[in-house]
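*Asks:* Next up is a structure, given as C-alpha cells.
Only the coordinates and a few stated rules stand behind these numbers; no lab work does. What you are looking at is a predicted structure, and each value in this text was computed from that prediction instead of being measured. For neighbour counting, all protein chains shown are included, and Cβ atoms are generated from backbone atoms with ideal geometry for every residue, glycine included.
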Amino acid sequence: MPGVDGTRYPLHEPGGQRWQAAVTAARAELAADGCCVLRGFIRPELLGTLRSEGAALAPHAYYTVQDVNAYNIPLDTQLPEDHPGRIVLRRGNAFVARDLIPRQALIHQLYTDTRFQRFVADCFGLTELHEYTDPLAGLCLNVVAPGNSHPWHFDTNEFTVSMLTQEPEDGGVFEYCPNIRSREAENLADVRAVLTGGGERFIRRLELRPGDLQLFQGRFSLHRVAPVAGAVQRHSAIFAYSDTPGLIGTAERTRQLFGRVLPDHLAVGEIRGDQLLD
C-alpha cells in the first residue's frame, strides 16, 4: 500500500482479522458521532513526503476570499427571513483541483488504490464506494493560509475522507456538529444557533496530526476549519467518494471552490440521493 502503516492498518489483508478489528473500531466511532480518526495512518518516514508534495501543490490553489453561506448556494436565493442560509460567512480557504495533482503524488496513489477504497467502504458499512466522476472535486488539496478559515458548511457528498498533510503553527482546529441534520430534516433552528454563536452544545473539536486519516459524514454534520494563526499554512488532502456512481458538483459550487467549471459540470449538473438544500 502506498505509504500506509500496514501493521496498524493491514489493507493488504482484506477481510483478515486485523482488517476486521480496524473496521469494527472505525464503525463504532462513526456510529457514535459521524466521525472517526485513524491515527498514524501514513508511515512516519513518509510524513515529509506528504508535506513537501503539498507545499509544491499549494501555489496552484485557487485563492480567493468569498462571501458564502453554509449551504454553498447563491446568496440571492429566496429564503425566509430567519433561514440560516441568509447568514453570510467569509470563506478564505483555497483548493488545488484534482486535474492539477500528479498521478505519482502519494495522495493520488492512495485515492485511486482499490484496496484503500475497499477498506474505506467497509469502515462506512457500504457494499461499494465510487470515486467522484467530477474531474475537479474528486481529489483535492485544501489550503488554509494564516488569518483565514474554511467556514461552517455541509459537504455535497455523504462520505468524506481526508488527511492532514501539514499542520499550522496555531489554530486551524476542525470543529463539527454531529448529525445536526438528516436526510429527512434540515433542523434549521439548530443550524442557525451554531452560525450565530448560540450553538456551543452542538460543537465538537478535533485535534488532527499529519498522516491521520479522517472518516467523516459531512453531508449531515455542519463543520468548519477554525481560523489559522501563525506563519504556516494548513494543508489537507480531501478524498471524495460516494456510495452511488456519477456524482458531479454544481456549476455554482465548482466556481466557488476552483474558480472554473468544465463541460461536465454544465452538461450533467448534479446527482443527489436526498432533497436537502445542498
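*Asks:* For the chain, set up a Gaussian network in which alpha carbons nearer than 10 Å are linked by springs, and say which option among Leu110, Leu126, Leu79 fluctuates the most.
*Replies:* Leu79
*Asks:* Using a 10 angstrom Cβ neighbour count of at most 14 plus a DSSP loop assignment to flag exposed GluC sites (Glu not before Pro), which longest range of the chain is free of such sites?
*Replies:* 1-80
*Asks:* List the pair-distance distribution P(r) of the chain, using every Cα-Cα distance, as the percent of pairs falling in each 10 Å bin from 0 up to the bin containing the longest distance, rounded to whole percents.
*Replies:* P(r) for the chain, in whole percents per bin: 7, 30, 39, 21, 4, 0.
*Asks:* Which value in deg cm²/dmol, rounded to the nearest 500, describes the helix-derived mean residue ellipticity at 222 nm for the chain, given -39,500 (n - 2.57) per DSSP H run of n ≥ 4 and division by the residue count?
*Replies:* Dividing the helical sum by the residues of the chain leaves -7000 deg cm²/dmol.
*Asks:* Please work out the C-alpha center-to-center distance from the range 171-218 to the range 127-165 and express it in whole Å.
*Replies:* Spelled out, the Cα-based centre of one part sits 15 Å from the other.
*Asks:* Rounded to two decimals, what ratio of Rg to Rh does the range 137-278 give with C-alpha atoms and a Kirkwood Rh?
*Replies:* So for the range 137-278, dividing Rg by the Kirkwood Rh gives 0.96.
*Asks:* Along Cα→Cβ, 7 Å out, is where each label goes; now give me the distance between the ones at Ala28 and Asp274 in nm to one decimal.
*Replies:* Result for the modelled spin labels: 2.6 nm.
*Asks:* Given the alpha-carbon gyration tensor of the range 49-118, what are the semi-axes of its equivalent ellipsoid in whole angstrom, ordered largest first, with each equal to the square root of 5 times an eigenvalue?
*Replies:* The answer is 34, 16, 9 Å, longest axis first.
*Asks:* Can you give me the relative contact order of the range 17-268 as a percent, contacts being Cα pairs under 8 Å and 6 or more apart?
*Replies:* 29 percent
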